[in-house]
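Q: Quick one: structure below, then a few questions.
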Amino acid sequence: MWKKRNLSLGGHVGFDSLPDQLVSKSVTQGFCFNILCVGETGIGKSTLMNTLFNTMFENEEASHYQNGVYLRPRTYDLQESNVHLKLTIVDTVGFGDQINKEDSYKPIVDYIDTQFENYLQEELKIKRSLFNYHDTRIHICLYFIAPTGHSLKSLDLVTMKKLDSKVNIIPIIAKADTISKSELHKFKIKIMSELVSNGVQIYQFPTDDEAVSEINASMNAHLPFAVVGSVEEVKVGNKTVRARQYPWGVVQVENESHCDFVKLREMLIRVNMEDLREQTHARHYELYRRCKLEEMGFKDTDPDSQPFSLQETYEAKRKEFLGDLQRKEEEMRQMFVNKVKETEAELKEKRERSLHDKFEQLKRMHQEEKRKVEEKRRDLEEEMNAFNRKKVAAETLSLSQPLKKDKDKKK
Ligand code: GTP
Ligand code: MG
């Protein structure tokens, strides 16, 4: 083991500028952040995104009559001070609209996996360019819960359970202005207990960084955030604020006693955006990558738990593949030989059968001929006998005639 020695510097060397160098490099490179909004049609996904980023993204309504769920990604270039952010917002279209919602989670899981797969493919390239690669992996999934005040729907539980090992999930209660304060409190407790009892892992704001551990810990206790979205500007006192105006009053989006919007923005954008990016890479992508490489047959250790390099795995796989190929070739050859034998036997049998048939036919013909000849012979014999009989009769007759003449002469 190397022994480290602590030395003190005699003067300013300058590597204390490393963090600044990093910041400057990152700023030049720009950042990307990808948000997935999962929630039923019309629950307020677009409005919340517009409110969060204080701008107007596209805001077209989805139809309630989709045959299935599909995901719609849209990418925007945003700039604040000198920081560029490539933001991708992915919307679930048609979520919760089908009668049979059994497979509604699948397109979402597939989309997340596809983004991981694209990144993995780029990583595995010989000439890879991850530096300017447009990373589309989902950093956060905002799961919009309907403000029913009752409990989570089974679709919510199933979907979150399927997603929790693939993406950071922050559950939020949408349209929180439609639920009373006491009901909201109970609803939050109910949701959290249901998530826990169903083993759904949601994203926890990190508490290991001292600078933010306190705020993050207190925010973890506030989950799920109850949010209100609005891009409407309303005058309250002498200030214009974003709010929803009702006949009985005004719900201010950025008023913490009205809803948790500020908490969500603080946690999602201002405090934990980098942690979300990091968790996506270090936890979710790492898991995907590991499973995928293991599926492909790569391992870090051999059966005796000894380190097993990529090169060795490749060689072992190659050998295994060649062995397989040889075995298959041998099988094919054997199959071919058997087939030829079978065909030969078939042909032989056919030929023998036809010869046999021919022989039988000839035999029958011969017997027929023989029978005809026999008949003819019998006819001829009969004829001969008749002729002989006639001949005998004729001879007998001719012998008796001279006797008669002698008699006549004697007279
Ligand atoms: P699709 O993209 O069509 O699935 O809908 P969406 O989920 O993007 O919902 P959208 O933001 O278009 O909002 C649908 C309706 O809900 C609009 O009339 C919004 O004004 C309203 N709405 C959005 N947010 C809130 C909210 O926080 N509270 C209330 N009461 N209404 C809201
Ligand atoms: Mg929308």
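The values are calculated or read from the model by the stated rules, or taken from the named source; none is laboratory data. The structure presented is a predicted model; accordingly, all values stated were derived computationally and were not measured. We place every Cβ from the backbone using ideal geometry, glycine too, and count neighbours over all the protein chains shown. The accessibility values were calculated without ligands, DNA or RNA, using every heavy atom of the protein model including side chains. Shrake-Rupley method; radii C 1.70, N 1.55, O 1.52, S 1.80 Å.
Q: Can you run phi through the Karplus equation (6.51, -1.76, 1.60; θ = phi - 60°) for the range 312-320 and list ³J(HN,Hα) in whole Hz, with x for Gly and Pro?
A: 3J(HN,Hα) across the range 312-320, in whole Hz: 5, 4, 4, 4, 4, 4, 5, 4, 4.
Q: The range 6-53 to the range 146-216: how many Å between their Cα centroids?
A: 25
Q: Any chance you could get the radius of gyration and Dmax over the Cα atoms of the range 134-251, in Å?
A: Rg then Dmax for the range 134-251, in Å: 16.6, 48.
Q: Determine the distance separating the Cα centre of the range 56-94 from the Cα centre of the range 308-358; give it in Å without decimals.
A: First find each Cα centre; the distance between them is then 56 Å.
Q: Please give the FRET efficiency for Met56 paired with Thr148, using the beta carbon to beta carbon distance and R0 = 30 Å, rounded to the nearest 0.05.
A: Efficiency for this residue pair is about 0.55.
Q: Quick one: with all protein chains in place, what share of the accessible area of the chain is carbon or sulfur, to the nearest percent (1.4 Å probe)? Walk me through the numbers on the way to the answer.
A: Details: 15330 of 28760 Å².
Ligands and nucleic acids excluded, carbon and sulfur reach 53 percent.
Q: Return the distance in nm (one decimal) between the two label points of a simple spin-label model at Arg270 and Ser193, each offset 7 Å from Cα along Cα→Cβ.
A: The modelled label-to-label distance comes out at 3.3 nm.
Q: Using the Cα atoms of the range 112-160 to build a convex hull, what is its mean projected area in square nanometres? All intermediate terms of the calculation are to be shown ahead of the outcome.
A: Working: hull surface 18.1 nm².
With the hull built on Cα positions only, its mean projection is 4.5 nm².
Q: Ok, one more. Let me check something: with ligands and nucleic acids excluded, how do Thr240, Thr92 order by accessible area (1.4 Å probe), largest to smallest? Intermediate results must be reported in sequence, preceding the final value.
A: Values: Thr240 85, Thr92 5 Å².
Descending accessible area places them as Thr240, Thr92.
Q: Right, something else. Just the number please: accessible area per residue for the chain, 1.4 Å probe, all protein chains included, in Å². The partial results should precede the final answer.
A: Values: 28760 Å² over 411 residues.
In whole numbers, the chain has 70 Å² accessible per residue.
Q: For the chain, take the convex hull of the Cα atoms, compute a quarter of its surface area, and give me that in nm², please. Each step should come with its number before you reach the end.
A: On the way: hull surface 207.3 nm².
Mean shadow area of the hull around the Cα atoms is 51.8 nm².
Q: Can you compute the charge dipole magnitude of the range 74-190 about its Cα centre, using +1 on each Lys and Arg Cβ and -1 on each Asp and Glu Cβ, nothing else charged? Give it in debye, rounded to the nearest 20.
A: Numbers: 17 positive and 16 negative charges, 67 e Å.
For the range 74-190, the charge dipole is close to 320 debye.
Q: Rounded to the nearest 500 deg cm²/dmol, what is the calculated helix-only ellipticity per residue at 222 nm for the chain, with -39500 (n - 2.57) per DSSP H run of length n ≥ 4?
A: Details: 10 runs with 201 residues, N = 411.
Computed mean residue ellipticity for the chain: -17000 deg cm²/dmol.
Q: Based on the alpha carbon coordinates of the range 232-341, what radius of gyration and maximum Cα-Cα distance (Dmax) apply, in Å?
A: 31.4, 100
Q: For Tyr246, Tyr203, Tyr70, give the ranking by accessible area with the largest first, probe 1.4 Å. Provide the component values of the computation, followed by the final result.
A: Working: Tyr246 65, Tyr203 10, Tyr70 100 Å².
The ranking, largest first, comes out as Tyr70, Tyr246, Tyr203.
Q: Would you mind telling me which residue in Lys391, Lys328, Lys348 has the biggest mean-square fluctuation in a Gaussian network model of the chain, where springs connect alpha carbons within a distance under 10 angstrom?
A: Comparing Lys391, Lys328, Lys348 in a Gaussian network model of the chain, the most mobile one is Lys391.
Q: For the chain, set up a GNM with springs between Cα atoms under 10 Å and report which of Leu124, Leu71, Leu293 has the largest fluctuation.
A: Leu124
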